[in-house]
Structure formats: C-alpha cells, structure tokens
Amino acid sequence: MQSVLRSPRAEQSVATDDILVAENLSKRFGAFLAVSDLNLSIRRGSIHALIGPNGAGKTTCFNLLTKALPLTSGRITFNGTDISGLRPAAVARLGLVRSFQISATFANLTLLENVRVALQQTHGKAYHFWRPLASIETLNDRAMQLLSQVGLADSSHLTASALSYGKKRALEIATTLALEPELLLLDEPTAGMGHEDIGPITDLIREVAKGRTVLLVEHNLSVVSTLCDRITVLQHGQVIADGSYAEVSTDPQVRAAYMGEDDA
C-alpha cells in the first residue's frame, strides 16, 4: 500500500462535527458474528472510506447503517437523531441514502426519464397511470440539472441501455442525488470498471461530495488514497485502524490483513 503525504482535500475547510456515529454495532447470523462491537464516526463534509480484505464485514456494515439489516445490538445516530430502530425508507427520507436504494436504472427509459422517476419520490408525484404527463414534466429542469452535474446532459435523450458501464454508474449517482442525500453511501463505485472509467467516476464523486458527506466501500486503494480524507479498516467485522491513508497504510495490523489478499 503506497502512502500519501496529505489528505487530498486538506486545503478545504471541513467541519469538525460528526454527521453519523455508530456505537458498539454487532450483527449475528445464527452462530456467525459478522460485525462485532464496531464503532464508527463520519465527519460532516468529508469523504470517508470503509476498506478491508474480502469477508471483512464492509457490506454488512453498510447494510446496518442504512437499516437494510436490523441491528443485533448497538446504536446509530444521524444528525444527532437515534435511527437504530427506523426502517430504510425513513432513514433515506432523513437524508442518509445508499446508492442502490434508487439506482437500479430502467434500461428502456431515457436518462431524463430515469432521473425524473427518482425525483417523483421526493416531490410527491409518485407514478399513477391516471396522472397527466404534464404534471411530471415540471421536474424536467431539475432532472437536467442533475444529469449535467454527472456529465450526462448531452445524452439525456438516450436510453439507459445505450450507456457504457461507467456512464451507467454516473446515471445511478444522478438518480441517487435526486433523493437529496446529506450523507451519500456508495458501495464499491468503481467495481467492474475499466481503467478508462475509474478516473472520471473518481472525479465525479469528488464533485458531488461538495456540500455533502460521502461514505464509500472501495476495493481500489489507488482511488482511496487520492479521494478520501479518512479511512476505516475492517477485519473480521471489527475496526483495526482508522485515520488518514498515510496512517492506515503503515499500520502493522492493516499490512498483515492485506498480505496475500486482493484489494477488496
């Protein structure tokens, strides 16, 4: 793991308060303890990465934070509110949104229509067959703004099926932004991408992070080193290191955890 000298956004002003705090999280599946007594704090305005070798518990942790899985024990607060017992939809309405919650794109709809469907959820215009088209066309301007933000405005007329894999991920981010997240959770945003797509998606994440907080699981450590302000490393469902990339990359436990493992 190659260390870096400073945070990629060290010159930017980042608030010191924590937007999300997880305390003593545990998740048991029968006899298997997938997450054990995990503590995590996410600083408001930061880009925070959750990394670890295969089977470290990263996705389970994401599922707990977004309430896709119920806690076995522990407590989660978001903006000072205890969300431990809330359902995923209620958590999303508060502004904590995971990309896949609305990012499954519709292949036969245009990019504009995909984003407009997502916007209907936040503007009280959920689809009904009797609702006239004009009632949702008022969302077109905002949909185009979101497509422009992810670099897809010129392709708004295309169907999602016509996009490359990298651009489909950009469309997914646009539909997620339609939910107006304050904390955006991205699960391996560069997974499966060719080298030519990784740079643009990294730049896109950096851009959409302006004015919000991002927590991501990411297997590509070169992306983590250049993008993230802070990194939490998991192994066997527990935190073994937390800090800047320079700090965690030289931690003996982290180096031992990754020895002989894929960057996952």
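With semi-axes defined as the square roots of five times the eigenvalues of the C-alpha gyration tensor, the equivalent ellipsoid of the stretch 24-97 measures 20, 16, 11 Å, largest first. Under 5 Å from the amide H of Gly237 lie the amide H atoms of Gly57, each residue being 5 or more positions distant or on a separate chain, with H modelled from the backbone and absent for Pro and chain starts. Here the Karplus relation 6.51 cos²θ - 1.76 cosθ + 1.60, evaluated at θ = phi - 60°, turns the backbone of the stretch 46-61 into coupling constants of 9, 10, 10, 10, 10, 10, x, x, 3, x, 6, x, 5, 5, 4, 4 Hz, with x for every Gly and Pro.
Less than 9 Å Cβ to Cβ from Thr213, Lys/Arg counted +1 and Asp/Glu -1: what total charge do the surrounding residues give? Don't skip to the end; give the middle numbers.
Values: positive: Arg43, Arg44, Arg212; negative: Glu182.
Result for the neighbourhood of Thr213: +2.
Neighbours of Ala34 by Cβ distance under 11 Å: Lys/Arg scored +1, Asp/Glu scored -1, total +3. Close amide H contacts of Arg98 (hydrogens built in the peptide plane, cut-off under 5 Å, sequence separation of 5 or more or a different chain): Leu185. Residues whose amide H lies under 5 Å from that of Val35, counting only those 5 or more places away or on a different chain, are Lys27; hydrogens are built 1.01 Å from N in the peptide plane. For the stretch 83-96, the Karplus equation 6.51 cos²θ - 1.76 cosθ + 1.60, evaluated at θ = phi - 60°, returns couplings of 10, 4, x, 7, 7, x, 5, 5, 5, 5, 5, 6, x, 9 Hz by residue, with Gly and Pro reported as x. Computed extension length for His157-Phe32: 40.2 nm, one decimal, from 0.36 nm per residue of separation with the Cα-Cα distance subtracted. The share of alpha-carbon pairs in the stretch 154-219 lying farther apart than 16 Å comes to 46%. The HN-Hα couplings worked out from phi for the stretch 32-38 by the Karplus form 6.51 cos²θ - 1.76 cosθ + 1.60 (θ = phi - 60°) are 8, 9, 7, 10, 10, 6, 8 Hz, whole numbers, x standing for Gly and Pro.
A short reminder: the numbers here are calculations on the coordinates, not readings from a lab. Please read all numbers here as calculations on a predicted model, not as lab measurements. When we count neighbours, we look across all protein chains shown, and the Cβ atoms used for this are built from the backbone with ideal geometry, even at glycine.
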